[in-house]
Amino acid sequence: MVESAPLPETFSDLLGLEQFGVAGEFLAGLLAAGLVGTFVLLNTAVAGPWAKRKITASFTDRISVNRVGPWGLGTIIVDSVRLLSKELIIPEDADRPAYDLAPLVLAGSALLGFAVIPMGNGIQVADPEVGLAYVFAVASIASLGLLMAGYSSSNKYSFLGGLRAVAQNLAYEIPLVLTGASVVIFAGTLQMSEIVAAQQETLLQLGPVAIPTWFGILNPFAFALFVVANLAEVGRNPFDIPEAPTEIVAGYQTEYSSVYFVLFYLGEFIHIFLGGALIATLFLGGPAGPILPGIVWFTIKIWAVFLFTQWARSALPRVRIDQLIEIGWKGLLVLSFANLILTAVIVGVVGV
Amino acid sequence: MSLEKPVPDAPDEVGVTEDGLDYDALEELVSEHVIDRESHVNAEALVIRPDAVQDTLSALKEEAGFDHCSAVTAQEYEDRYESIYHLKKFDDPTQQLSVVVPANKDEPVSESAESVYRTADWHEREAYDLVGIEYDDHPDLRRILLPETWQGHPMGKDYNQNQPQVVPLREHVNPLAEDHSAGEDSDTMFVNIGPHHPATHGVLHVKTVLDGEQIADIDPDIGYLHRNEEQMCEQSTYRHQIMPYPDRWDYTPGGILNEWAYARAAESMADIEVPEYAQVLRTMSAELTRIAAHMLALGTFGLDVYGDFNAIFMYAVRDREAVQNILEDLTGQRLMFNYFRLGGVSWDVPEPREEFFEKIREFLDGLPEYIEEYHNLITENEIFQLRCIDTGILPPEVAKNYGATGPVLRGSGVDYDLRRDDPYGYYDELDWNVVTEDGCDNYSRVLVRMREVEESAKIIRQCVDLLEDWPEDDREIQANVPRTLRPEADKEVYEAVEGAKGELGIYMRSDGTDKPARFKIRSPCFSNLQTLPEMSEGEYIPDMVASLGSLDIVLGEVDR
């Protein structure tokens, strides 16, 4: 593992931007953010919807897109043109500023989270000491976006969807953060690069195969909790209650069309990938892996999580809203507290 | 033999004798209200006074055991209106009785039967809507199939077909309109679920009052797919023109099962004997259709409980495809089969016969594996059980009172299946079982359908064996039926078969021409859908959606 500085510093070294002072720093930051943003959007906006179609089709015994271009790859372009050229219909009674801002808040909040994720090969926009807290903080702004969308659309289904979204996120944010905190106890830091670094040692050597000290292996219980809570956080089966199409049409996004809908759709994808990035960073050693460069491993890991969410979506029924709240507050919360305390005790006694 | 129905504890019912019903005793029971007696093909009919409907029916229900009001037929004669209550017993549906209630030509009013049979609520609303009879003491006599602003009653004699009907959106219910029926300061919210909604399986409109996420009150609003199929059948000839219509009521596809309802009624009216070989073909094709219909029901229930993009729907459709291919080979059609003819079927199995039978056997051999997969994926899933067990409760007594039939009734533990209890076709010669589940919930109804698929497979296998060994010179697929069928005038018949969704009944009255004077369809979905408020009120929206899915309605049959 190459110890590397965050991306903006690399840029400013390469291009000699240091001489421009604050302006140079700003430019370097912008370049870094642009690069990471492009990478994230390539995965979520370009490859994501196409891959989702292909993956779901495989799970459900269908063929899926195969007409435009090889493996239907041209569909990506067709889809973009189709979605962007649709009429933007805004309900008469919509609460305008909130209605317009909601898609931006949703997509933006998730994108911001990627700023502190170390993607390997030194690709990381910033590495603040409170990295993990920052990710959780910006990711939960999404709840606000969902509530704004649900409330401002002036539609009863949207309203129900917004309320459901907030109730669900409240119930699952806390177990998510608590489980994340148990990782922090292991690693002893909130800084993302340090959390990754703490997972690089070898736990067991089985012949040529070295099993690393990934927290997913050290504490599978926390890993499972986090994965479940994350499913609820991103709103996928069995927890896709906020938009449950057969119950409340499309929930908070019922009244959104055209570009606004694209932003919602994109926001969801970015959220799923951010969840994948968090799982990879906290439990799967971040960009670590043999032979291939870090960024490739990191991409493989987030796509694996994406695959898992699609699998859950194809095979699991959705729970009812009251059952979901019950699972969240009575089940996951208790378990995540137990996990936190146990981890603290074990770490305290063994003194890792 | 497995087909025998468990004998109920000998009920002390008036009119039950060793050899069928004693109609004189029944007439005696309600003699003070009876003004006349008629003879219908399927049963005797008592003509009673229009102001004594409740007394008569409750006496017949309480003392003579007629606990099933199968249908209410309304019709207009030259000199009077008439409502016919077709009564049956859930214990033995061969014991039938029709109660005829005449009403004054100028002011057609008769007493409502709603307080005796809950199911009469919708049936009488339909009679009011289409024929124009008014029912005294009915709790909610509104139009049901046609818009509220419709002028006239289309099945009445003086209805003007050419009269323009103005149905303005502002007068009809606008699904987007704000509704303040719950009051400004109440805690409830009114929401229109449908007519365009992912969960309603067609154009059903459920007016829902929500208290938070819970359902305070719901009112299914039907009729968006109404085509007045009854009138279309009345304008068609018995011999050939009516048979394609039943396919269009249940397009899931329950088509062949529905064709049998018409075939049975018409054959009973014209006294046509169907050759045995044709009966076996009918039985086999009908059960194939039942498998296809139940597979689709399972798949769409998966959509309701799992959400879109789930594997269940596609798996069910994939396996249903095998049945569709077999039916296509047999009938030449995939959806609108039009396979039955009066007195038989349209063709024998396709040549080479061996290949066709092999294809069916291959499907039947694979079926247990599919079913196992469904059980793994669906019924054994803990989340599925969490969602479906103890939701959408329909107690047996309530189900009977609403006239629910088919898998819905059997899911409430009532052992009632016309294939066995009122035998037709070749069913009573074969070895199979009637499936019941005692859970009364969404889970039981789904389980009943899955197990019925296995029973249908048993029936098909026996039919294939029979067809294979049938002597070649005895393969008669069609009885000798005149080219133009003119049953003698004033014959009335009500016959029902076990369709995919339940008891599908046809009432016909002849007038000596080659077209029926009155054609009435008793749709199982229509009666089953009535139970939705009973099941859903007080539960959550997702439970209501699941209950709706477990009822397995097809709007083409509800609205006709």
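The values are calculated or read from the model by the stated rules, or taken from the named source; none is laboratory data. Remember, it's a predicted structure, so these values are computed and weren't measured experimentally. Don't worry about glycine lacking a Cβ; one is built from the backbone with ideal geometry, like all the others, and counts go over all protein chains shown.
A few remarks follow.
- Residue within the range A:342-350 that is touching a residue at least 60 places away in the same chain (Cβ under 8 Å), away from every other protein chain (no Cβ under 14 Å), surrounded by fewer than 22 Cβ atoms within 10 Å (Cβ to Cβ) and not in a helix (DSSP H, G or I) present: no
- Residue-level check: of (1) touching a Lys or Arg at 6+ places or on another chain (Cβ under 9 Å); (2) surrounded by fewer than 16 Cβ atoms within 10 Å (Cβ to Cβ), A:Ile211 misses just (1).
- The condition of being of a type in the set (Phe, Trp, Tyr), modelled with pLDDT of 85 or more and either under 22 Å from B:Ala311 (Cα atoms) or not assigned by TED's automatic domain parsing to the domain that holds B:Ala278 (or both) holds for only one of B:Phe340, B:Phe363, B:Phe356, that being B:Phe363.
- Restricted to the range A:57-81, and to residues there that are in a loop (DSSP other than H, G, I, E, B) and more than 14 Å from chain B (Cβ to nearest Cβ), the residue that is nearest to B:Leu303 (Cα to Cα) is A:Val65.
- Meets criteria (in a helix (DSSP H, G or I), in contact (Cβ under 8 Å) with a residue 24 or more places away in the chain, in contact with a strand residue (DSSP E or B) (Cβ under 8 Å, 6 or more places away or on another chain) and crowded, with 18+ Cβ neighbours inside 10 Å) for B:Glu287: no
- Subset of the range B:498-515 that is part of a loop (DSSP other than H, G, I, E, B) and of a type outside the set (Lys, Arg) - its residue that is surrounded by the fewest Cβ atoms within 10 Å (Cβ to Cβ): B:Gly512
- Scanning the range B:354-369 for residues that are within 13 Å of B:Ala457 (Cα to Cα) and surrounded by 15 or more Cβ atoms within 10 Å (Cβ to Cβ) yields B:Ile360, B:Arg361, B:Phe363, B:Leu364, B:Leu367.
- Of everything listed in (1) at pLDDT 90 or above; (2) in a helix (DSSP H, G or I), the single unmet condition for B:Asp428 is (1).
- The range A:226-243 - residue that is more than 14 Å from every other protein chain (Cβ to nearest Cβ) and surrounded by 23 or more Cβ atoms within 10 Å (Cβ to Cβ) and, of those, nearest to A:Gly188 (Cα to Cα): A:Phe226
- Residues that are out of contact with any Ser or Thr (no Cβ under 8 Å at 6 or more places or on another chain), part of a helix (DSSP H, G or I) and either at the interface with chain A (Cβ under 10 Å from one of its Cβ atoms) or of a type outside the set (Asp, Glu) (or both) occur in the range B:346-355; there is at least one.
- Subset of the range A:121-151 [of a type in the set (Ser, Thr, Tyr), within 22 Å of A:Tyr99 (Cβ to Cβ) and in contact with a Gly (Cβ under 9 Å, 6 or more places away or on another chain)]: A:Tyr151
- Check on A:Arg318, within 14 Å of chain B (Cβ to nearest Cβ), assigned to a loop (DSSP other than H, G, I, E, B) and touching a residue at least 12 places away in the same chain (Cβ under 8 Å): yes
- Selection within the range B:291-312 - facing another protein chain (nearest Cβ under 7 Å) and assigned to a helix (DSSP H, G or I): B:Leu303, B:Asp304, B:Val305, B:Tyr306, B:Ala311
- Any hit, the range B:449-460, residues being in the same structural domain as B:Lys501 (by TED's automatic domain parsing), more than 21 Å from B:Leu327 (Cβ to Cβ), out of contact with any helix residue (DSSP H, G or I) (no Cβ under 8 Å at 6 or more places or on another chain) and of a type outside the set (Lys, Arg): no
- Members of the range B:477-497 found to be of a type in the set (Asp, Glu) and surrounded by fewer than 16 Cβ atoms within 10 Å (Cβ to Cβ), listed by number: B:Glu488, B:Asp490
- Qualifying residue in the range A:155-162 (condition: within 22 Å of the chain's Cα centre (by Cα), closer than 21 Å to A:Pro245 by Cβ and not in a loop (DSSP other than H, G, I, E, B)): yes
- Test: residue in the range B:213-228 that is within 21 Å of B:Ala293 (Cα to Cα), of a type in the set (Phe, Trp, Tyr), modelled with pLDDT under 90 and surrounded by fewer than 19 Cβ atoms within 10 Å (Cβ to Cβ): no
- Set B:Tyr374, B:Tyr426: member being buried (at least 16 other Cβ atoms within 10 Å of the Cβ) and over 19 Å from B:Cys463 (Cα atoms): B:Tyr374
- In the range A:244-269, the qualifying residues are those that are part of a loop (DSSP other than H, G, I, E, B) and within 9 Å of chain B (Cβ to nearest Cβ), and the one that is farthest from the chain's Cα centre (by Cα) is A:Val249.
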